[in-house]
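Below is one structure, written out as structure tokens; the observations come after it.
Each reported figure results from applying straightforward, stated rules to the coordinates on display, with no laboratory input. If you're wondering where the values come from, they're calculated on a predicted model, not measured in any experiment. Ideal geometry is used to build each Cβ from the backbone, glycine not excepted, and the neighbour counts take in all protein chains shown.
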Amino acid sequence: MKALLFDLDNTLYPAEKNLFALIDVRINRYMQEVVGIPKEEVDPLRRQYWQEYGATLQGLIRHYATDAEDYLEYVHRFDIGQRLAPDLELQATLEDIDKPCFVFTNGSHQHAERVTTALGIRQHFNEIFDIRVADYQPKPSPLPYQQVLNRLGLRGEDCTMIEDSPANLKTAKQFGMTTILVGSEPSGSFVDAQFARPAEIGSWLKTRSLNGSGS
């Protein structure tokens, strides 16, 4: 194992923090106030775009010529500090990991910076790969995975991916990555391990290294 790829939202912090509720409000407002979509059409369109493209942004780009940078700045413009605080247990886990760690998110770089800073863990990540890495194509589309591997100069077999989304891990496994699911979502055969919190992966990684399977 040469690199660990961590998803951001609902992975590095618990889903119970519900940052998505704040993001959802901002997305709905953007669609209504900036794009001009009638309120009653917003939720059906978001469901359609998630199903077809994996993210609301892709649908807005394709059907409304939305400026992606304007969208990302708008929907992530809220106070992270009202929901997140330093996570000492996660800090200790990341401190003990002797492999390079990276954030791989469908969100923006700025959002990832704010989240990891609020959690007190920004210094443990070598780089952040955001939605821009594959021209705004989101996970679980294969393209961003390939772009991340290209940027790192690694094969999928060299990487472990930590995610809260089984769908995103399914694509990771297709690239040959070791897969860790965080949270209580039902998993499939493509998931190698599952933990309630990301801080719990430390002992698992150490066990793999001692057994020679993490090299």
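So here's what we get for this one:
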| quantity | calculated |
| --- | --- |
| Integer Hz, Karplus 6.51/-1.76/1.60 couplings in order for segment 128-142, x for Gly and Pro | 10, 9, 10, 4, 7, 4, 10, 6, 6, 7, x, 4, x, 4, x |
| Computed helical MRE - 222 nm, the chain, DSSP H runs ≥ 4 contributing -39500 (n - 2.57), nearest 500 | -13000 deg cm²/dmol |
| Cross-link reach list, aspartates and glutamates versus K173, counting only Cα pairs under 19 Å and skipping chain neighbours closer than eight places | D7, E157, D158, E163, D164, E185, D192 |
| Net lengthening on full extension, L143/Q51 (0.36 nm per residue, minus Cα-Cα) | 31.4 nm |
| Calculated FRET efficiency for the pair D43/D70, C-beta based, R₀ 30 Å, to 0.05 | 0.90 |
| S189/D135 FRET efficiency (R0 25 Å; Cβ-Cβ; nearest 0.05) | 0.20 |
| Net dipole in debye of the chain [+1 Lys, Arg Cβ; -1 Asp, Glu Cβ; about Cα centre; nearest 20] | 320 |
| Cα centroid separation, segment 135-161 to segment 86-101 (Å) | 22 |
| For q = 0.18, 0.20, 0.23 Å⁻¹, Debye-computed log10 I/I(0) when each Cα of segment 19-75 counts as one equal scatterer | -0.53, -0.66, -0.90 |
| Residues in segment 27-44 reached by a label modelled at R77 [backbone nitrogen below 18 Å; 7 Å Cα→Cβ] | 27-37 |
| Stokes-Einstein D for the chain, Kirkwood Rh over Cα pairs, 4 °C, 1.567 mPa s (µm²/s) | 73 |
| Stretchable slack from E33 to I97, in nm (0.36 nm times residue separation minus alpha-carbon distance) | 18.6 nm |
